[in-house]
Amino acid sequence: MTAFPDIVIGAPGEGEVLELPFGVFTVRISGDQTGGALSVVDSILPAGALGATPHIHHGHEEYFLITAGEVTFDTADGVLAVGAGGSVSVPRGQPHGYRNTTAEPATLTTLFTPAGYETYFRAVAEASAAGEEITPALLTALRAQQQTTPATFT
């Protein structure tokens, strides 16, 4: 097991802010700060935003805490809307996607164990800032670098 190198303290409003086509994502704690053990990312999904099409993580788990608004999750078991104060745990290997289907912004905090998936968000932000078109094919290619593959629900 990897040990945390130091205590990480982030003040409110601190973090690496990433402007993505589907919301603003802020890396609060990165894998670099935890020896790769976990990362924490806050997200603001605008009204109607697609957070992520269905996909499967093969290299990490993902935990969502909805802090404001409502986020709709697509899973193999069906569709579930989760409001503020709710949480969702997605084990490695489980297909899922999420979106904001409401007319209000939604905010969520996501924990990744082990860390590393924050580099996907960085790559999307860099491509967007460079003027690259953010297509489903590009997102699939960037996710593949993080042991993540597309999923479909039947």
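Read-outs throughout are calculated quantities, based only on the coordinates presented, and are distinct from any laboratory measurement. Remember, predicted model here, so these are calculated numbers, not experimental data. Note that each Cβ is placed from the backbone with ideal geometry, even for glycine, and that neighbours are counted across all protein chains shown.
Magnitude of the charge dipole for the chain, about its Cα centre and with charges confined to Cβ atoms of Lys, Arg (+1) and Asp, Glu (-1), is about 280 debye.
Output the relative contact order of segment 16-147, whole-number percent, from Cα pairs under 8 angstrom with separation of 6+ residues. Relative contact order, segment 16-147: 30 percent. Length gained on full extension, residue 94 to residue 77: 5.1 nm, using 0.36 nm per residue less the C-alpha separation.
Residues 65, 20 in ascending order of nearby Cβ atoms (within 10 Å, fewest first): 65, 20. In this simple spin-label model, placing a label point 7 Å from the Cα along the Cα-to-Cβ direction at both residue 132 and residue 152 gives a separation of 2.6 nm. For residue 84, nonlocal amide neighbours, meaning residues 5 or more places apart or on other chains whose placed amide H falls under 5 Å from its own, are 69.
Each of 73, 153 was scored by other Cβ atoms within 10 Å of its Cβ. Arranged with the fewest first, they read 153, 73. Ordering 25, 121 from the fewest to the most neighbouring beta carbons within 10 Å gives 121, 25.
Specify which residue in the list 73, 130, 21 is farthest towards the positive end of the charge dipole of the chain, using unit charges on the beta carbon of Lys, Arg (+1) and Asp, Glu (-1), about the Cα centre. In the chain, that residue is 73. When only alpha carbons are used to place a centre, segment 7-62 and segment 135-154 end up 17 Å from one another. Multiplying the residue separation of residue 50 and residue 141 by 0.36 nm and removing their Cα-Cα distance gives an extension gain of 31.0 nm. Would you please classify the overall shape of segment 16-147 from the alpha carbon gyration tensor, given that a ≥ b ≥ c denote the square roots of the eigenvalues, rounded means a/c under 1.5, and beyond that prolate means a/b larger than b/c while oblate covers the rest? Rounded shape, in that the Cα axes give a/c under 1.5.
Shape of segment 80-150 from its Cα gyration tensor (a ≥ b ≥ c, root eigenvalues): rounded if a/c is under 1.5, otherwise prolate when a/b > b/c, or oblate?
Oblate shape, in that a/c is at least 1.5 and b/c is the bigger or equal ratio.
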